[in-house]
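The block underneath contains the structure these notes are about, expressed in structure tokens.
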């Protein structure tokens, strides 16, 4: 039988998460020979725990949201271990990775996904020395992902991002960006730029027809063109109805790529898996994968 370790942040859900850890271990021990537990209050330390334990266990079970998954995946990739599998029990605000992988929010059903044992090789993006699990984004409403206060997220959940996003409407402006894909350059002023390896972003299921294990990323660019209102309308349609609803719009580019170089001609920060990301020039490419348990019918 295999060995598993559970990693979690004891501050999650106002500390209530501690109470469910014994139950999680009890259920996991019906499949695994060993189920150890380690906790961390900081993202960097969570990454180090994943790095230190990748070769010691067969499965890492992370209890948390997308930010915690980001840290654990960075630790796994740093370790160079290719056999460790990742199980996820969603305890975040948006849980975009779990939405993409059809991992239920209810604890028992999420544990069932791990016990069932079906996994896929989830592509991981890399830029410099950092790994990105599901999205690098810039433009309208992006700051909400890292500027919204934790207290508000705990009280209002996803709605907290909406309140913060309203202020974006009063500082509406397009980002001057250049994208280079295999020598083909796209220059313009963009209201929104999303580099995606996910179906779900900010809790919205916008990219459902894409694959997360085909060695490619999707790049969505929404240009300002002549009208801010048209660009803003395009963004709303994207999040309400998905990328497929806007693919024929003249102010939209939807591209598939294995690597892209991005030049940011502004001082605006991007968001990498919901965390603040500042750069002037960055190359992002698919760099291997991490096997993750899923609830998808594939």
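The values are calculated or read from the model by the stated rules, or taken from the named source; none is laboratory data. Treat the numbers as computed from the prediction; the structure is a model and nothing was measured. Cβ atoms come from the backbone with ideal geometry, glycine included; neighbour counts cover every protein chain shown.
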>> Suppose we filter 172, 220, 232 for residues that are at pLDDT below 95, touching a helix residue (DSSP H, G or I) at 6+ places or on another chain (Cβ under 9 Å) and under 14 Å from residue 252 (Cα atoms); which single one remains?
In response: 232
> Which pairs have Cβ atoms under 6 Å, sit 6 or more apart or on different chains, and link a residue in the range 97-126 that is without any contact (Cβ under 8 Å) to a residue 24 or more places away in the chain to one that is in a loop (DSSP other than H, G, I, E, B)?
Replying inline: 110/103; 110/104
>> Please go through (1) closer than 27 Å to residue 291 by Cβ; (2) buried (at least 16 other Cβ atoms within 10 Å of the Cβ); (3) at pLDDT below 95 for residue 195 and return the number of the only condition it doesn't satisfy.
In response: (3)
> Just checking, how many residues over the range 42-53 are out of contact with any strand residue (DSSP E or B) (no Cβ under 7 Å at 6 or more places or on another chain) and modelled with pLDDT of 95 or more?
Replying inline: 4
> Does residue 290 satisfy being in contact (Cβ under 8 Å) with a residue 24 or more places away in the chain, in contact with a helix residue (DSSP H, G or I) (Cβ under 8 Å, 6 or more places away or on another chain) and assigned to a strand (DSSP E or B)?
Replying inline: yes
> Taking the condition surrounded by fewer than 21 Cβ atoms within 10 Å (Cβ to Cβ), within 19 Å of the chain's Cα centre (by Cα) and touching a residue at least 12 places away in the same chain (Cβ under 8 Å), does residue 56 pass?
Replying inline: no
> So which residues in the range 11-53 are surrounded by fewer than 19 Cβ atoms within 10 Å (Cβ to Cβ) and part of a loop (DSSP other than H, G, I, E, B)?
Replying inline: 11, 16, 29, 30, 31, 33, 41, 42
> For the range 103-146, what are the residues that are more than 24 Å from residue 25 (Cβ to Cβ) and in a loop (DSSP other than H, G, I, E, B)?
Replying inline: 128, 129, 133, 134, 140, 141, 142, 143
